[in-house]
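Q: One structure coming up, written as structure tokens, with questions to follow.
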Amino acid sequence: MVAMKMQINGKATGACGSESFDVKNPATGKLLEQVPLGTEDDVALAVEAAASAFESWASTSPQQRGVIFYRAAGLVRERKEEIATLLTQEQGKPLAESRNELEGFAHVLEYYCGLTGSLRGDFIPVPGNGYAFTVSKPLGVCAAIIPWNMPALIMGWKIAPALISGNTFVLKPASSTPLTNLTLASILNEAGLPAGVLNVVTGPGETTGESLVRNPRVRKISFTGESRTGIRVAELAASGMKRVTLELGGSDPMIVCDDANLESAVAGAIRGRFYNCGQTCTAVKRLYVFESVANEFVRKLEAGVKNLKVGNGLDKSTDMGPLNNRSQMEYIKELIAEIKEKEEGKIIIGGKAPEFKGWDRGYFFEPTLVSGVPDDSRLLKEEVFGPLLPIVIVKNLDEAIEGANRSSYGLGASIWTKDLDRVRIGCEQVNAGIIWINQHLKIAPEVPFGGIKESGFGRENGPDVLSEYLESRTIMLKT
Ligand code: NAD
């Protein structure tokens, strides 16, 4: 085992306090790496490196930046197997999902290369002898704090629009998944990113993360994580007058109408809930099914769930890996214990850790379906970040939408129907930032992504996100 270092000013760097923390494999409990425990001084060094690199990076042409991105995307693809293995080892997801995520990372870089031509200002005619125009300028040092569920993809969503616009960057990964982020940063450096343009500091959120948000030279924070943490980050950022994007928790409803194609809805629910062991912000977290098709739907869903193979993500036959960490596992166990104790719901399938050799050292949990939970159940109110799906039977679309909107979250939602009127009503009335029809979970860097209500504010992806990393200066010229 070689201890992995932070990336500061283009170099692998240990922590000022020379302390480190362990990164363990959630499938085996074994130590994978030791990573520097970044201090406030390390954050200051990383921000200083980013600030020093800013002027020169901002004056390179967007096309030159794009060439580096293309090269990095190619290197990620060349090393995909090696990095996917690392991602699976630290995060737990099956190898196929890790490969997908890295492909997504490479694709985000390429997508923003294609947008370099849109980094420009406006010409505005004004009365009198003169002209007005706007010039778009990068902000300076931007930063992101990211979670452990999709570390590579979310890193791409944050760094690509910021760097292509001419900003420099400091990234703080989640403490259970820093290895993929450090590897990807070193690949970007290898692809030609000048020293200091992208820095990665590792360490806990409450210390390293907060130091980054507090640092007065950081102009923008893009945060992805839990809603409670997001509120804390927004409070700290407000006192420093920093721009903020908050991509927070979700409790996406999936509405299955009586005219839906049940086979594809079942497949959508299985992928929507159990992909990444249920640890996706836009996972299907509540299922509302019309009563006239409920029995058939649940029977088919149960049969599909029974076929899912839980295991180490490195095994080819694994459909669902472990949860990422102990607190996730404890949380899911607590919810199940509460259902049993209060007799508030029926566990249709799952509800326990699987019985295979080694499970006691890994955070494995069986894919679980629960029916008959009351309206005020924690399964419907909280963000259940794990393989547990509550099924609610409803009479019609009105009742489904009422249930869907009862959540304090508003990230994604899906409606499964062939009826265009239902599609229109659902799109108008369901409160969510993303609404899918006859699918769930599909995301792409071309498409704006983000939530409403407690799921946060601001959008990632798509061309408009560039304006989040640029400030417009108006120039008025008299002739
Ligand atoms: P988390 O909020 O615990 O941690 C996220 C990051 O914030 C980590 O890097 C952590 O170290 C850091 N952090 C923690 N406390 C901090 C503080 N006081 N100041 C600054 N940084 C701090 O979230 P998590 O458990 O890592 O991730 C799961 C959550 O992320 C879920 O709620 C999920 O829905 C959400 N998520 C949202 C999206 C989205 O785009 N909306 C995408 C993925 C995940």
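The values are calculated or read from the model by the stated rules, or taken from the named source; none is laboratory data. As the structure is a computational prediction, the values presented were derived from the model and not from experiment. Cβ coordinates were reconstructed from backbone atoms using ideal geometry, including for glycine residues, and neighbour counts include every protein chain displayed.
Q: Of the residues that sit in region 247-306 and are among the hydroxyl-bearing types (Ser, Thr, Tyr) and more than 16 Å from the ligand (Cβ to nearest atom), which one is surrounded by the fewest Cβ atoms within 10 Å (Cβ to Cβ)? Full working, then the answer.
A: The initial filter retains those residues of region 247-306 that are among the hydroxyl-bearing types (Ser, Thr, Tyr), namely 251, 264, 275, 280, 282, 288, 292.
Cutting the leftovers down to more than 16 Å from the ligand (Cβ to nearest atom) gives us 264, 288, 292.
Details: Ser264: 12, Tyr288: 24, Ser292: 14.
Only one residue tops the list, namely Ser264.
Q: In addition: Which ones in region 195-235 are touching a helix residue (DSSP H, G or I) at 6+ places or on another chain (Cβ under 6 Å) and in a loop (DSSP other than H, G, I, E, B)?
A: Once the filter is applied, which keeps residues that are touching a helix residue (DSSP H, G or I) at 6+ places or on another chain (Cβ under 6 Å) and in a loop (DSSP other than H, G, I, E, B), region 195-235 yields Gly196, Val197, Val201, Thr202, Asn215, Arg217.
Q: OK, next. Got a number for residues in region 190-228 being without any contact (Cβ under 8 Å) to a residue 40 or more places away in the chain and farther than 15 Å from Leu37 by Cα? I'd like the intermediate steps shown before the answer.
A: Kept after step one, since they are without any contact (Cβ under 8 Å) to a residue 40 or more places away in the chain, are these residues of region 190-228: 206, 210, 214, 216, 228.
Add one more test, that the residue is farther than 15 Å from Leu37 by Cα, and what stays is 214, 216, 228.
Residues that pass the stated criteria total 3.
Q: Given the structure, is Ser176 among the hydroxyl-bearing types (Ser, Thr, Tyr), within 16 Å of the chain's Cα centre (by Cα) and surrounded by 18 or more Cβ atoms within 10 Å (Cβ to Cβ)?
A: Details: among the hydroxyl-bearing types (Ser, Thr, Tyr): yes; within 16 Å of the chain's Cα centre (by Cα): yes; surrounded by 18 or more Cβ atoms within 10 Å (Cβ to Cβ): yes.
So Ser176 passes the test.
Q: Is it true that Thr168 is buried (at least 19 other Cβ atoms within 10 Å of the Cβ), in contact (Cβ under 8 Å) with a residue 12 or more places away in the chain and within 18 Å of the chain's Cα centre (by Cα)?
A: Judged against the criteria, Thr168 is not a match.
Q: Can you tell me which residues in region 83-126 are outside any helix (DSSP H, G or I) and either closer than 30 Å to Asn312 by Cβ or among the β-branched types (Val, Ile, Thr) (or both)?
A: Scanning region 83-126 gives Gly92, Lys93, Pro94, Ile124, Val126.
Q: Can you name the condition, by its number, that Cys427 falls short on among (1) under 16 Å from Gly410 (Cα atoms); (2) within 16 Å of the ligand (Cβ to nearest atom); (3) of a type outside the set (D, E, K, R)?
A: Unmet condition: (2).
Q: Now for a separate question. Could we say that Arg286 is among the basic types (Lys, Arg), in the same structural domain as Val430 (by TED's automatic domain parsing) and at pLDDT below 95 here?
A: Numbers: among the basic types (Lys, Arg): yes; in the same structural domain as Val430 (by TED's automatic domain parsing): yes; at pLDDT below 95: no.
Answer is no for this residue.
Q: Follow-up. Criterion first (of a type in the set (S, T, N, Q), within 15 Å of the ligand (Cβ to nearest atom) and over 29 Å from Lys80 (Cα atoms)) does Thr177 satisfy it?
A: It is false that Thr177 is of a type in the set (S, T, N, Q), within 15 Å of the ligand (Cβ to nearest atom) and over 29 Å from Lys80 (Cα atoms).
Q: So how many residues does region 1-43 have that are modelled with pLDDT of 90 or more, of a type in the set (A, V, I, L, M) and within 28 Å of Phe364 (Cβ to Cβ)?
A: So the answer is 5.
Here's the yes/no breakdown for (1) out of contact with any strand residue (DSSP E or B) (no Cβ under 8 Å at 6 or more places or on another chain); (2) under 30 Å from Glu226 (Cα atoms):
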{"residue": "Phe105", "(1), (2)": "yes, yes"}
{"residue": "Tyr112", "(1), (2)": "yes, yes"}
{"residue": "Thr116", "(1), (2)": "yes, no"}
{"residue": "Gly121", "(1), (2)": "no, no"}
{"residue": "Thr134", "(1), (2)": "no, no"}
{"residue": "Ile154", "(1), (2)": "no, yes"}
{"residue": "Trp157", "(1), (2)": "no, yes"}
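Q: Provide a single number: the residues in region 443-472 that are within 14 Å of the ligand (Cβ to nearest atom) and either assigned to a loop (DSSP other than H, G, I, E, B) or without any contact (Cβ under 8 Å) to a residue 60 or more places away in the chain (or both).
A: Result for region 443-472: 15.
Q: Let me ask something additional. Within region 136-161, restricting attention to residues that are away from the ligand (no atom under 16 Å from the Cβ) and closer than 12 Å to Glu468 by Cβ, which residue is modelled with the lowest pLDDT?
A: Checked region 136-161; the qualifying residue modelled with the lowest pLDDT is Ser136.
Q: While we're looking at this one, here's another question. With the requirement that a residue be within 16 Å of the ligand (Cβ to nearest atom) and part of a helix (DSSP H, G or I), what does region 346-379 give you?
A: Arg378, Leu379
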